[in-house]
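I have placed the structure first, in the form of structure tokens, so that the comments after it can refer back to it.
The values are calculated or read from the model by the stated rules, or taken from the named source; none is laboratory data. None of the values given here were measured: they were computed from a predicted structure. FYI the Cβ positions are ideal-geometry reconstructions off the backbone, even for glycines, and counts take in every protein chain you see. These accessible areas exclude ligands, DNA and RNA; they are computed on the full protein's heavy atoms, side chains included. Shrake-Rupley method; radii C 1.70, N 1.55, O 1.52, S 1.80 Å.
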2 protein chains.
Amino acid sequence: MQKIINPQRIIWQKLTTRPNFNCKQLDNTVNKVFNAIKENGDEALRQYSLLYDKAVIKDFRINNKKLIQSGKKISNELKDAINLAKNNIEKFHLSQKSRKKIIETTNGVKCWQESRPIEKVGLYIPGGFAPLFSTVLMLGVPAVIAGCKDIALCTPPNKNGDIHPAILYIANLIGIKNIFKVGGIQAIAAMTFGTETVPKVYKIFGPGNRFVTAAKQTASMLGVAIDMPAGPSELLMLTDKSADPSFVAADLLSQAEHGKDSQIICIVNNLKLMGVIENEVEKQLNELPRKDVAETSIQNSKLIYFDEKKDIIDFINEYAPEHFILSVQKESEKFYLQNLKNAGSVFIGNYTPESAGDYASGTNHTLPTNGFAKTYSGINLDSFIKKISFQRISKEGITNIGPAVETMAEAEGLQAHKNSVTIRLKSIKDEKD
Amino acid sequence: MQKIINPQRIIWQKLTTRPNFNCKQLDNTVNKVFNAIKENGDEALRQYSLLYDKAVIKDFRINNKKLIQSGKKISNELKDAINLAKNNIEKFHLSQKSRKKIIETTNGVKCWQESRPIEKVGLYIPGGFAPLFSTVLMLGVPAVIAGCKDIALCTPPNKNGDIHPAILYIANLIGIKNIFKVGGIQAIAAMTFGTETVPKVYKIFGPGNRFVTAAKQTASMLGVAIDMPAGPSELLMLTDKSADPSFVAADLLSQAEHGKDSQIICIVNNLKLMGVIENEVEKQLNELPRKDVAETSIQNSKLIYFDEKKDIIDFINEYAPEHFILSVQKESEKFYLQNLKNAGSVFIGNYTPESAGDYASGTNHTLPTNGFAKTYSGINLDSFIKKISFQRISKEGITNIGPAVETMAEAEGLQAHKNSVTIRLKSIKDEKD
């Protein structure tokens with residue numbers, strides 16, 4: 001770990017900058033695949049699945065029988081764990097429903113918002129070295145709660161053309177029937193244009209490697225909404241002597257194993273703690289099966305000491321971490337929570353590891369990286385809905401606000417806007433006379 | 001108006017397709033300006049303001065004196081109208097604040113969301129043929145309510161380098177101090193990179209012509225969030241014999257005067273009504289000062305008759321109008337409101353013209369066009385905030401959900417994730433023993 005003591009504000013920008021990833025470098029590849037899918041649909045999907053996934057795919061759609069039988073291929077223990085996680089994720093995302101509030105802004109002028117699901121959504125579930133079935137819960141549960149009508153799920157097959165049964169089991173459990181074994185750029189292109197098999201969607205969700213990220217950006221230029229821009233996963237942990245150093249080390253390492261590009265920052269306000277944490281990380285690292293991956297990202301990680309609380313919170317807000325673990329004594333905790341401006345998801349206290357939120361506490365694990373927590377929320381129920389505004393104005397209402405509308409429309413040079421009010425006010429007046 | 005009777009579903013796509021506007025055509029211009037602003041800051045801003053706005057600008061920032069004195073240059077009547085509109089917009093957007101709800105998903109596992117403002121936002125207010133000061137209210141009021149700390153407002157100057165006093169008056173009224181007289185691509189580029197005078201922001205809001213739209217897309221590729229993709233303004237009106245044809249015509253014309261590319265569709269379920277509306281439009285058109293603009297868009301507008309309610313609502317949902325005026329008898333109204341899936345803002349009843357929502361009812365007038373109402377909400381308080389998720393887990397909580405986390409992490413091949421829980425569970429067990 002790189003140890004840094006009281007870094008001056010002038011170098012904060014450097015410390016908080018993430019590795020540069022320019023999607024433009026992949027533009028040629030992405031455009032080529034997009035054009036092929038647009039022109040040749042499923043046939044092009046087959047070619048790229050063979051090229052990139054080394055898989056021969058005849059039918060991209062998972063048939064219903066396979067879906068239903070997927071449960072037989074995973075242990076009861078895993079099923080129980082998935083069920084517990086699903087229940088918690090459901091509870092938390094259900095609580096995000098908003099109720100209709102009718103506001104009478106002026107007598108006779110009623111305004112309100114109503115939520116409606118985005119009808120057609122596409123969920124991308126990465127394959128890669130491990131089958132990230134937990135993401136099916138994180139994207140699928142809120143999509144179902146929101147009421148999205150057509151939910152398509154794309155995930156890359158392995159070389160045998162198979163999908164991990166836990167992905168299928170969860171999809172079936174929450175009621176997603178349209179599952180396609182296709183990944184990478186070609187999956188995003190398929191959901192952008194639609195093919196004979198894969199439907200076109202309005203919004204694409206889900207994490208992925210840099211090819212998927214670049215493809216999602218291209219999709220967004222073509223009019224398909226995306227959940228958020230993505231980058232390597234990040235953890236910022238703030239801790240003091242109240243925390244158990246072995247817990248701290250375990251949390252840092254859990255982030256480190258995500259990939260060699262994982263971003264890790266640990267902040268302390270106690271110089272001695274730096275050595276303690278480092279030793280503990282070293283010790284636990286040696287016991288990890290994925291030691292090679294974790295070792296690289298731990299080497300690039302930063303262990304920062306600050307004297308002042310004000311510097312700490314300013315630095316955190318400047319960094320805007322995807323995951324923020326806050327494990328400090330009670331009185332400090334309050335200060336940091338009150339002054340926190342930018343973060344994706346916050347884990348408070350000694351017994352709240354990031355893993356809990358990654359899987360089963362109920363919060364979502366699809367979160368803004370790369371400083372985008374300054375602007376974006378993580379995935380929540382809002383991500384799957386849009387709010388329509390409504391207004392109903394009575395004769396009394398238009399009489400009350402009409403003259404203001406007339407004046408403003410006229411001042412903006414929009415005579416017909418004015419006239420649509422004038423004609424109504426005149427009619428009301430004529431009725432009375 | 002083009003009259004269409006019972007169009008078959010097979011041609012709906014053609015009927016609902018908006019004029020094609022490909023931002024890529026403008027890419028060269030946009031990139032050139034962006035590069036210049038990035039390299040030369042204010043100096044490049046000056047060059048492009050001269051080139052595009054024919055204005056010589058020394059200092060882009062509006063000084064405080066000018067801001068305060070702006071009120072002297074507009075009538076008391078307009079000030080009163082603005083105040084009424086501001087109050088209604090405030091009331092409606094204040095009602096969109098969400099309160100913190102702590103959910104205990106499992107005993108000892110507490111999860112919640114908290115809203116935080118996006119700290120740095122940029123508001124773009126178009127100039128063009130008319131000074132659209134109402135947009136300052138629509139973007140500025142929610143930005144202030146959300147608590148955005150740094151609000152920058154850019155708007156193009158006229159040839160004399162001036163800004164309409166109503167824009168300044170409203171900005172000052174709601175507390176926006178950082179106003180820059182710069183428009184077009186160069187304004188968006190300035191807020192993307194920051195210049196000596198104009199600050200860099202995290203999210204850019206506001207309507208604009210196709211140059212501004214293309215520039216906002218480029219900004220979004222560079223990591224600045226934007227409110228939504230934009231296109232020409234649209235109105236879909238559904239009416240029956242219960243509506244006053246003169247009101248209907250006035251509403252259609254108010255949309256028509258926005259620009260020659262305004263999109264207008266009027267749907268009726270009564271054949272006779274088609275002729276009546278057409279005659280009324282013709283009559284009112286002749287009295288409009290901006291007749292030439294309105295005439296072109298009215299010529300391109302569509303007057304559609306359907307026999308069946310089901311076809312009507314399906315067509316509306318397929319079109320996903322920015323503005324939807326629903327002026328029908330009570331029993332039909334209920335059917336359409338219940339089955340409406342996609343729209344930006346809805347105006348219900350005979351006395352609810354679109355103009356009311358454009359200015360003063362309280363709802364926002366920055367809305368999704370071009371079918372994006374299928375995916376996006378109009379501007380509301382949510383547009384200026386992000387939600388951070390929080391969780392706090394007790395010893396009891398981690399004991400309850402920990403084993404599920406361990407099982408899922410192991411199944412995903414993430415041993416260190418598992419370990420961050422195991423180490424805590426072990427410590428709790430050791431304490432008890």
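Please determine, by comparing only the residues of segment B:149-166 that are touching a residue at least 60 places away in the same chain (Cβ under 8 Å) and within 11 Å of chain A (Cβ to nearest Cβ), which one is surrounded by the fewest Cβ atoms within 10 Å (Cβ to Cβ).
Of all residues in segment B:149-166, those touching a residue at least 60 places away in the same chain (Cβ under 8 Å) come to B:156-161, B:163, B:165-166.
Next, only the ones that are within 11 Å of chain A (Cβ to nearest Cβ) stay: B:165-166.
Values: B:Pro165: 19, B:Ala166: 24.
Filtering segment B:149-166 for residues that are touching a residue at least 60 places away in the same chain (Cβ under 8 Å) and within 11 Å of chain A (Cβ to nearest Cβ), the one surrounded by the fewest Cβ atoms within 10 Å (Cβ to Cβ) comes out as B:Pro165.
Screening segment A:409-433 for residues that are basic (Lys, Arg) and more than 7 Å from chain B (Cβ to nearest Cβ) and picking the one that is farthest from B:Glu287 (Cα to Cα) gives A:Lys432.
Considering segment B:194-207, the residues that are on the phi < 0 side of the Ramachandran plot and open to solvent by 10 Å² or more (accessible area, probe 1.4 Å) include one that is nearest to the chain's Cα centre (by Cα), namely B:Pro207.
Checking the conditions here, which among B:Tyr336, B:Tyr351 is within 25 Å of the chain's Cα centre (by Cα) and facing chain A (nearest Cβ under 8 Å)?
B:Tyr351
In this entry, B:Asp244 is excluded by the filter for residues that are within 24 Å of A:Ala373 (Cβ to Cβ) and within 12 Å of chain A (Cβ to nearest Cβ).
Candidates in segment B:218-227 are the residues that are open to solvent by 10 Å² or more (accessible area, probe 1.4 Å) and facing chain A (nearest Cβ under 9 Å); of these, the one that is nearest to B:Tyr376 (Cα to Cα) is B:Ser220. Entry remark, segment B:384-433: residues being buried (at least 24 other Cβ atoms within 10 Å of the Cβ) and among the hydroxyl-bearing types (Ser, Thr, Tyr) number 2 in total. Residues in segment A:26-52 that are touching a residue at least 40 places away in the same chain (Cβ under 8 Å) and open to solvent by 80 Å² or more (accessible area, probe 1.4 Å) were compared, and the one that is farthest from the other protein chains (Cβ to nearest Cβ) is A:Tyr52. The set of residues from segment B:6-25 being open to solvent by 80 Å² or more (accessible area, probe 1.4 Å), among the β-branched types (Val, Ile, Thr) and more than 16 Å from B:Leu236 (Cα to Cα) comprises just one member, B:Ile10.
Restricting the search to segment A:374-401, which residues are more than 7 Å from every other protein chain (Cβ to nearest Cβ), out of contact with any helix residue (DSSP H, G or I) (no Cβ under 6 Å at 6 or more places or on another chain) and among the aliphatic types (A, V, I, L, M)? Within segment A:374-401, just A:Ile379 meets the criteria. B:Pro368 meets the conditions (1) surrounded by fewer than 24 Cβ atoms within 10 Å (Cβ to Cβ); (2) part of a loop (DSSP other than H, G, I, E, B); (3) more than 7 Å from chain A (Cβ to nearest Cβ) in every case but one. The failed one is (1). Among the residues of segment A:17-33, those that are hydrophobic (A, V, I, L, M, F, W, C) and at pLDDT 90 or above comprise A:Val30, A:Val33.
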